[in-house]
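Participant: One structure coming up, written as structure tokens, with questions to follow.
The values are calculated or read from the model by the stated rules, or taken from the named source; none is laboratory data. Keep in mind that this is a model prediction, so the values were computed, not measured. Every residue, glycine as well, gets a Cβ built from its backbone with ideal geometry; the counts of neighbours run over all protein chains shown.
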Amino acid sequence: MAAAGQGSARFCAAAPAPTMRTMLTPPPLSLYVHLPWCVRKCPYCDFNSHEARGALPFDAYVDALLADLDHDLPLAWGRTIHSVFFGGGTPSLFPADAIDRFLQQASARLRFAPGAEVTLETNPGTAEHGRFEDYRRAGVNRISFGIQSFDDGCLQRLGRIHDSAQADAAVKLAQDAGFDNLNLDLMYALPGQTLAMAGIDIERALALQPAHLSHYQLTLEPNTVFAARPPQGIPDDDLAWDMQEHCQAQLAQAGFVQYEVSAYARPGRQCAHNLNYWRFGDYLGIGAGAHGKLTLGSEQAILRRWKLKHPAAWLATAGSPAAIGGDERIAPQHLPFEFMLNALRLVEGFGESMFAARTGLAASNIAAQMAEAEARGWLQHVDGDWRPTAQGQRFNNDLVSLFLHDEAAASAGNPSG
Ligand SMILES: C[S@@+](CC[C@H](N)C(=O)[O-])C[C@H]1O[C@@H](n2cnc3c(N)ncnc32)[C@H](O)[C@@H]1O
Ligand code: SF4
């Protein structure tokens, strides 16, 4: 895949500051809850996750989550929550009664849409008999399993705490408890993985009949053990691309529809929570290091808010302004890029009216970049919507870079900035 930097250097200097404004309309609202502990830190992972040492303070953490939520509530008065996502870390380390208490108290503070999707991320190494029934009773209706691979050698090289038999067993426990809305996370381009092995992982996943599958290419994230000491045998870009195409074909044959760069679902089983991110919806983010995005109708602005990252620091301050790591109103000139970073991940693309409603900018502000993307064969106009082509999906970084606002070039070309 071409580097994003090349795209930005070549094309984005022309992106001017937007001038034509429209009304910002508050989009659907979700709730993200970050639970930051894991049994062990995986060497490839750069999430805000911390190895659990000793007993975890579940009760204190739930109290702090509620205080954090109370503090953010004025940003969401009168609005309805359409989905909840417990992410991590390893949320399944939390007992069901902690999740239950949080959901009960949260729904006393905010209106939850009937049937709202409530997802809990789960590491198969933490699945215990009986626990899934209790999560279901607490109101969780979707489980997302971090499987990564069904190959025990790959799992070991990834430093996972479970083997493939435990992964199979955990998924079956959840199904026996009545969960039918299951996601399995798989990664590919793993150390020592061949094309055939990547295909077998998909077959093993499909045999478990999930509703959804996330298929991520392993990336060496800065500040991880893998970045410092890359493991032997990571497939090169060409092989990684072949793996993706091969797995895409297997999934399509099994009736899974790809709706985002890494996400596949049976019809009607897309992840509502992630779709809201990709459609540039709003979300409250509570818990250590959680990020939120809120449309402020009265100010006609979009606020990004994030919380202190370290669990101890966040726990000590939750519910007070000191727990806020930062508040930032997105400058209008950065909104096209921020919108595209999300919307162009979607196979469905976006409509111009959605761009206008979610950014408060008239679509005319991005006409030049859209024309450039179309000329390059990366975007197409289908039934009034803009959709990335196959090339646009493959070169997503270059496509999105077209919408970067280059401050230096903008002020050089326009003395008033
Ligand atoms: C927060 S974790 C999910 C649940 C749980 N923590 C676990 O790992 O079992 C989210 C997912 O991101 C993916 N992921 C994490 N680090 C990655 C990386 N460096 N490259 C690609 N995918 C990654 C994994 O598939 C992982 O399941
Ligand atoms: S279990 Fe999940 S969140 Fe925790 S370190 Fe591993 S990949 Fe990261």
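Participant: Go through region 343-361 and count every residue that is in a helix (DSSP H, G or I) and buried (at least 20 other Cβ atoms within 10 Å of the Cβ).
Facilitator: 5
Participant: In addition: Just checking, does region 255-268 include any residue being under 21 Å from the mean Cα position of the chain (by Cα), of a type outside the set (D, E, K, R) and surrounded by fewer than 15 Cβ atoms within 10 Å (Cβ to Cβ)?
Facilitator: Yes: one or more hits.
Participant: On the given criteria, is ARG157 more than 27 Å from HIS34 (Cβ to Cβ), in contact with a Pro (Cβ under 9 Å, 6 or more places away or on another chain) and within 16 Å of ligand 1 (Cβ to nearest atom)?
Facilitator: On the way: more than 27 Å from HIS34 (Cβ to Cβ): yes; in contact with a Pro (Cβ under 9 Å, 6 or more places away or on another chain): yes; within 16 Å of ligand 1 (Cβ to nearest atom): yes.
Yes, satisfied.
Participant: I need the full set of residues from region 187-201 which are over 23 Å from the mean Cα position of the chain (by Cα) and more than 16 Å from ligand 2 (Cβ to nearest atom), in order please.
Facilitator: Answer for region 187-201, where residues must be over 23 Å from the mean Cα position of the chain (by Cα) and more than 16 Å from ligand 2 (Cβ to nearest atom): GLY192, GLN193, THR194, LEU195, ALA196, MET197, GLY199, ILE200.
Participant: Could you check how many residues of region 202-229 are within 16 Å of ligand 2 (Cβ to nearest atom), crowded, with 17+ Cβ neighbours inside 10 Å and closer than 20 Å to GLN244 by Cα?
Facilitator: Final tally of qualifying residues: 4.
Participant: Turning to a different aspect of this structure: Pull out all pairs, ordered by first then second residue, where Cβ-Cβ is under 8 Å, the residues are six or more apart or on different chains, the first lies in region 185-199 and is at negative phi, and the second is surrounded by 18 or more Cβ atoms within 10 Å (Cβ to Cβ) and of a type in the set (Lys, Arg).
Facilitator: Every condition considered, the pairs that remain are LEU190/ARG157; PRO191/ARG157.
Participant: Please enumerate the residues belonging to region 174-202 that are more than 15 Å from ligand 1 (Cβ to nearest atom) and within 27 Å of ARG136 (Cβ to Cβ). Explain how you work it out, then say what you get.
Facilitator: At the first step, the residues of region 174-202 found to be more than 15 Å from ligand 1 (Cβ to nearest atom) are 175-181, 192, 194-197, 199-200.
Listed by number, the residues that qualify are GLN175, ASP176, ALA177, GLY178, PHE179, ASP180, ASN181.
Participant: Under 8 Å between Cβ atoms, at least 6 apart or on separate chains: pull out the pairs that start in region 144-156 with a residue that is without any contact (Cβ under 8 Å) to a residue 24 or more places away in the chain and end on any residue that is outside any helix (DSSP H, G or I) and within 12 Å of ligand 1 (Cβ to nearest atom).
Facilitator: Every condition considered, the pairs that remain are LEU155/GLN148; LEU155/SER149; LEU155/HIS162.
Participant: Among the listed residues ASP97, ASP70, which satisfies the condition of being closer than 19 Å to ALA174 by Cα, surrounded by fewer than 19 Cβ atoms within 10 Å (Cβ to Cβ) and in contact (Cβ under 8 Å) with a residue 12 or more places away in the chain?
Facilitator: ASP97
Participant: Quick check on my filter: what residues within region 18-41 are charged (D, E, K, R) and within 16 Å of ligand 2 (Cβ to nearest atom)?
Facilitator: ARG40, LYS41
Participant: Further, regarding this structure: THR80 versus (1) among the hydroxyl-bearing types (Ser, Thr, Tyr); (2) crowded, with 17+ Cβ neighbours inside 10 Å; (3) modelled with pLDDT of 95 or more: which is the lone unmet condition?
Facilitator: Unmet for THR80, out of (1) among the hydroxyl-bearing types (Ser, Thr, Tyr); (2) crowded, with 17+ Cβ neighbours inside 10 Å; (3) modelled with pLDDT of 95 or more: (2).
Yes or no, residue by residue, for (1) acidic (Asp, Glu); (2) surrounded by 19 or more Cβ atoms within 10 Å (Cβ to Cβ); (3) in a loop (DSSP other than H, G, I, E, B); (4) touching a Leu at 6+ places or on another chain (Cβ under 7 Å):
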position	(1), (2), (3), (4)
GLY115	no, no, no, no
GLU128	yes, no, yes, no
ASP134	yes, no, no, no
GLN156	no, no, no, no
VAL171	no, yes, no, yes
ALA174	no, yes, no, yes
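Participant: Which one of these is more than 11 Å from ligand 1 (Cβ to nearest atom), among the small types (Gly, Ala, Ser) and assigned by TED's automatic domain parsing to the domain that holds THR194: ALA96, ALA127?
Facilitator: ALA96
Participant: Out of GLU260, GLU203, report the one residue that is under 22 Å from VAL347 (Cα atoms), modelled with pLDDT of 95 or more and of a type in the set (D, E, K, R). Break it down stepwise before answering.
Facilitator: Numbers: GLU203 fails: under 22 Å from VAL347 (Cα atoms).
Result: GLU260 is the single residue among GLU260, GLU203 that is under 22 Å from VAL347 (Cα atoms), modelled with pLDDT of 95 or more and of a type in the set (D, E, K, R).
Participant: For a quick check of your reading of the model, give me the residue pairs whose first member lies in region 109-135 and is of a type in the set (A, V, I, L, M, F, W, C), whose second is within 16 Å of ligand 1 (Cβ to nearest atom) and assigned to a loop (DSSP other than H, G, I, E, B), with beta-carbon atoms closer than 8 Å and at least 6 apart or on different chains.
Facilitator: Between residues of region 109-135 that are of a type in the set (A, V, I, L, M, F, W, C) and residues that are within 16 Å of ligand 1 (Cβ to nearest atom) and assigned to a loop (DSSP other than H, G, I, E, B), the close pairs are VAL118/VAL140; LEU120/VAL140; PHE132/PHE179.
Participant: For GLU133, indicate whether it is of a type in the set (Asp, Glu) and within 16 Å of ligand 2 (Cβ to nearest atom).
Facilitator: no
Participant: Name the residue that is farthest from GLN105 (Cα to Cα), counting only residues in region 30-57 that are touching a Ser or Thr at 6+ places or on another chain (Cβ under 6 Å) and not in a loop (DSSP other than H, G, I, E, B).
Facilitator: Among those that are touching a Ser or Thr at 6+ places or on another chain (Cβ under 6 Å) and not in a loop (DSSP other than H, G, I, E, B), it is CYS38.
Participant: What are the residues in region 42-67 that are under 21 Å from the mean Cα position of the chain (by Cα) and either away from ligand 2 (no atom under 14 Å from the Cβ) or at pLDDT below 95 (or both), if any?
Facilitator: Matches in region 42-67: LEU65 only.
Participant: From the list LEU308, LEU303, which residue is modelled with pLDDT of 95 or more and surrounded by 19 or more Cβ atoms within 10 Å (Cβ to Cβ)?
Facilitator: Just one listed residue meets the conditions, LEU308.
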